[in-house]
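Asker: Once you've had a glance at the structure underneath, I'll fire off some questions.
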Amino acid sequence: MKTTWLFLLLAVSLNQNSVDKLYLLGKFDPSADSRFVKLTAQYAQGSALNGYLRKETFEAFKKMAVAAQKDSVPLIIISATRNFDSQKKIWENKWNGKKKVDGVNLTTVSDLKERCRLIMLYSSMPGTSRHHWGTDMDLNSLENNYFQSGVGLKVYQWLTAHAADYGFCQPYTNKAGGRSGYEEEKWHWSYTPLSKAFLKEYVKQVTYADIHGFDGSEQAEAIGSIESYVKGVACP
Ligand SMILES: [Zn+2]
């Protein structure tokens, strides 16, 4: 009996896709987690130079970037894993007016749900970001405009045609088809062999009671940060 339990425990701990709630909420340090790997300068720029991804994600990305390069298409990671603490900084800088959102200081928006909605056009509440998982990354530019002409258009067309061959998918597509949540992000790509499992676990394990520890967190349920945003994806 004891041996059976031991094997069961071993099997669970060896399953790379098994993640606990703290992981899903981004409450860990990727630089101290052996499942993560530091990005190399060849593939990253800016803050992503000190960034991390899950090993499987980065391996698949490198294969994709090499193939893209052969077609003269540059793929550069500009943001990778962001844990709860770094997402909290981004969120609270916007919430408290330190960083304007579309030219607006959000402390002038007294309706707190509306303040959330404005931040959540493009940014997640801490604890609800796919960037917590080590499966998601932003490529080349944080402006949809960049992807509409020239090199950017070439990049987007290449990704649309080939990213799926490497396991990558754009979760935040055009909302015309009725998708809820964030606006379109042509730069944000997910490694679905892992993110699919993590989204399933997230929906199973995380509730609104787990979303706390930052300014405005009490609005999480009213705005539907799980129902409309975490689940508002075009691919898992
Ligand atoms: Zn992103």
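Read-outs: derived from the displayed coordinates by stated rules, not from any lab. Remember, it's a predicted structure, so these values are computed and weren't measured experimentally. Cβ placement follows ideal geometry from the backbone for every residue including glycine, while neighbour counts extend to all protein chains displayed.
Asker: Can you list residues whose amide H is under 5 Å from LEU53's amide H, if they're 5+ apart or on another chain and H is modeled 1.01 Å from N?
Answerer: Here the answer is VAL37, LEU39, since their amide H atoms fall under 5 Å of that of LEU53.
Asker: Test of the criteria: in the stretch 84-182, which GluC sites (Glu not before Pro) are in a DSSP loop and have at most 14 other Cβ atoms within 10 angstrom of their Cβ?
Answerer: GLU143
Asker: To continue, here is another question. Which of ALA163, ALA44, ALA197 ends up with the largest GNM mean-square fluctuation for the chain, with Cα atoms connected below 10 Å?
Answerer: Between ALA163, ALA44, ALA197, it is ALA197 that shows the largest mean-square fluctuation.
Asker: Follow-up question, since we're still on this one. Express in nm, to one decimal, how much length is gained between LYS21 and ASP215 on full extension, taking 0.36 nm for each residue of separation and deducting their alpha carbon distance.
Answerer: Numbers: separation 194, 0.36 × 194 = 69.84 nm, distance 2.10 nm.
Result for the pair: 67.7 nm of gain on full extension.
Asker: Let me ask you something else. For the chain, what relative contact order do you get, as a whole percent, if you take Cα pairs closer than 8 Å and at least 6 residues apart? Show your work: numbers first, answer last.
Answerer: On the way: 350 pairs, mean separation 50.9, N = 236.
That works out to 22 percent.
Asker: Among CYS116, CYS169, CYS235, what is the fewest-to-most ranking by other Cβ atoms within 10 Å? Before the final figure, lay out the partial values.
Answerer: On the way: CYS116 25, CYS169 19, CYS235 16.
Going from least to most buried by this count: CYS235, CYS169, CYS116.
Asker: What is the set of long-range amide H partners of ALA44 at a cut-off below 5 Å, with H atoms built 1.01 Å from backbone N?
Answerer: Under 5 Å from the amide H of ALA44 lie the amide H atoms of ILE77, each far enough along the sequence or on another chain.
Asker: Shifting gears a bit: Can you list which of the GluC sites (Glu not before Pro) found in the stretch 148-236 are DSSP loop residues with at most 10 other C-beta atoms within 10 Å?
Answerer: Values: sites: GLU183, GLU184, GLU185, GLU201, GLU218, GLU221, GLU227; in loops: GLU183, GLU184, GLU185.
In loop regions of the stretch 148-236 (DSSP not H, G, I, E or B), there are no sparsely surrounded GluC sites (Glu not before Pro).
Asker: Which whole-Hz ³J(HN,Hα) couplings does the stretch 138-147 yield from phi under the Karplus relation 6.51 cos²θ - 1.76 cosθ + 1.60, θ = phi - 60°, glycine and proline marked x?
Answerer: So the J values, rounded to whole Hz, are 9, 10, 6, 7, 9, 10, 4, 3, 4, 8.
Asker: Can you work out ³J(HN,Hα) from phi for every residue in the stretch 36-44, in order, using Karplus 6.51 cos²θ - 1.76 cosθ + 1.60 and θ = phi - 60°, giving whole Hz and x for Gly and Pro?
Answerer: Result, ordered by residue: 10, 9, 6, 6, 9, 4, 4, 10, 9 Hz.
Asker: Tell me what the chain gives for mean residue ellipticity at 222 nm when only DSSP H runs of n ≥ 4 count, each as -39,500 (n - 2.57), the sum divided by the residue total, rounded to 500 deg cm²/dmol.
Answerer: -10500 deg cm²/dmol
Asker: Only sites in a loop by DSSP and with at most 16 other Cβ atoms within 10 Å count here; which trypsin sites (Lys or Arg not before Pro) in the stretch 45-150 make the cut?
Answerer: Numbers: sites: ARG54, LYS55, LYS62, LYS63, LYS70, ARG82, LYS88, LYS89, LYS94, LYS98, LYS99, LYS100, LYS113, ARG115, ARG117, ARG130; in loops: ARG82, LYS98, LYS99, LYS100.
Those satisfying the criteria are LYS98, LYS99, LYS100.
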